[in-house]
Structure formats: C-alpha cells, structure tokens
Amino acid sequence: MELPFYAEVTADRYKCRGLDIAVGDRSGRLVVEFFTRKHQRPMISCRCDCGCPVLVRPHNFARSVNRSCGCWLRQSLARLSAAQTGVPHTPERIAAMRSGRWPNKEDA
C-alpha cells in the first residue's frame, strides 16, 4: 500500500497534513531516529532519554501524546511510593521492583 498523495516521506523528514517532523526532533523524552512502517501505517522510530527504542504514530508524536517509553510513569510511581512508605527510591530499590522483588522498609 502506497502512502497517500499528500504524504511526503524522505529519509530525514515526514510531511503530511500540516505535520513537519524531522530526524532529531524532540517531544518530551523522545527523539526521532528514523521513519518506518508498521502494518502499512507510517511510524516514527524514537529513542527515549533512558535509551529504550519506541515506535510512535506521527500525529501522536506531534501532539505529544507519547512523551516517553513509560520510564516517566515508572519514576513518578516510584516517587509516589517513596512518599507514601517513607522509603527513598534509590536505583537499587527500583531495580529490585523491576525484578519482581518488592523491597520493604526493612530492606532500605
């Protein structure tokens, strides 16, 4: 399936319906790396500041619907948990949470 006549995609730029997205553009924590397709739809391959790759629809990127790979949510939940439990969120504690072992106050 070809792109519609109004969409112009080059190696470093995506132009369509008022959108003009270039490689290197930033939205939140995401930075555009290259343009690709998934299930016949245009997608933007981005890299989050934490290093995770993310596929995003162009309109979602332009409207800042997708702002990170999910690391922002994990970090904010860790901060909220630390505020509620009184245990500071350290890199070791976050790593333990990711591994499935939820540390208690005694572990800190």
Residue among 79, 29, 37, 47 that alone is at pLDDT 90 or above and at negative phi: 47
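Search the stretch 42-78 for residues being aliphatic (A, V, I, L, M) and surrounded by 14 or more Cβ atoms within 10 Å (Cβ to Cβ), and hand back the single one that is farthest from residue 21 (Cα to Cα).
78
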Failed criterion for residue 68 (all others in (1) assigned to a loop (DSSP other than H, G, I, E, B); (2) among the polar types (S, T, N, Q); (3) at pLDDT below 80 hold): (3)
Residue count, the stretch 19-55 (criterion: of a type in the set (A, V, I, L, M, F, W, C) and under 23 Å from residue 98 (Cβ atoms)): 7
Test for residue 86: is it exposed (fewer than 11 other Cβ atoms within 10 Å of the Cβ), modelled with pLDDT under 85, of a type outside the set (Lys, Arg) and more than 10 Å from the chain's Cα centre (by Cα): yes
Enumeration of residues in the stretch 22-39 that are surrounded by fewer than 16 Cβ atoms within 10 Å (Cβ to Cβ), over 15 Å from the mean Cα position of the chain (by Cα) and part of a loop (DSSP other than H, G, I, E, B): 39
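The values are calculated or read from the model by the stated rules, or taken from the named source; none is laboratory data. Being a predicted model, the structure only gives us computed values, none of them experimental. We place every Cβ from the backbone using ideal geometry, glycine too, and count neighbours over all the protein chains shown.
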